[in-house]
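Below is one structure, written out as structure tokens; the observations come after it.
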Amino acid sequence: TIQPGTNSRILINGGNKSNKVMEIQGTLSPPDALAKFQVVNGTILMTGSNPLMDFGCPIALLGVNLSGGTLRTYGQPITTIAGCTFDNTSFIAQLFYYGNPLHIGSSDFINNSALNTYGKGIIIGNTNFSNNPNSIALRAIGLEYPSLVNNCNFTDNALGLMVFLGNGSQLSLIRSNILFSTQSMIGVAVDNTYLTIKCGSIKNNNSSYV
């Protein structure tokens, strides 16, 4: 058991994305007062019954493979995800109004992974969502700030992109493609949100947009 004090940091560097740096069989929940939790270049395995990584502190995952289980962030932390692969892993971001938007770049969500966000806003770039036949690839509920999905691809998911209860906020879908939604056969589902689509495609779905 690690009990870091206030303003402490936990920094882990695996040296290589394929090196296992952590295995979680239950719940990992550092104190919210932790100044930062960071993992660079490594693999995190989540095994056992309902494993969970639960963060209310700032986190950075850079060049990390996540396999299985659920990653959850909540509150107002700065969350930075870059160069990561989510493999059969759900990511739940519960964002507060006065907190920070979720930033994800150059990452992959594959093999029944899903990204679910609630509140605030999202900025996602150069990220692929593929082979998630039982999952809504990206579901954003209650966006409150202008959000951006840029240069992303959604392929072979149950549903590509769902944005509900948007409070009249704006989501820009730029240079992104949504193809072959397999279950509901819907590419994009939007409610109470201004959706801007530019230089992208939504095709080979039963319904491209609802």
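No value in this document is a laboratory result; all are computed from the given coordinates. In this text the structure is predicted, and so the values were computed from the model without any measurement. Heads up, the Cβs are rebuilt from the backbone with ideal geometry, glycines too, and the neighbour counts pull from every protein chain shown.
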*With a 10 Å radius around each residue's Cβ, average the other Cβ atoms per peptide and rank 42-51, 6-15, 152-161, 103-112, highest first.*
152-161, 103-112, 42-51, 6-15
*Taking the Cβ of Leu28 as the centre, find all other residues whose Cβ is under 12 Å away and add up their charges (Lys, Arg: +1; Asp, Glu: -1).*
-1
*Which value, in debye to the nearest 20, describes the size of the charge dipole of the chain about its Cα centre when Lys and Arg Cβ atoms bear +1, Asp and Glu Cβ atoms bear -1, and nothing else is charged?*
300
*Taking Rh as the Kirkwood radius, which is the inverse of the mean 1/r over Cα pairs, what is the Rg/Rh value for the chain?*
0.98
*So what does log10 I(q)/I(0) come out to for region 74-133 at q = 0.19 Å⁻¹, using the Debye formula with one equal point on every Cα and no solvent?*
-0.66
*asked:* Can you work out the Karplus-derived ³J(HN,Hα) for every residue in region 33-47? Use 6.51 cos²θ - 1.76 cosθ + 1.60 with θ = phi - 60°, whole Hz, and x for glycine or proline.
replied: 6, 4, 5, 6, 10, 9, 10, 10, 6, x, 10, 10, 9, 10, 10
_Cα-based Rg and Dmax for region 4-126, where Dmax is the largest Cα-Cα distance (Å)_ = 13.3, 37
*Residue farthest toward the positive end of the dipole of region 92-202, with Cβ of Lys/Arg at +1 and Asp/Glu at -1: which of Gly119, Ala189, Tyr98?*
Tyr98
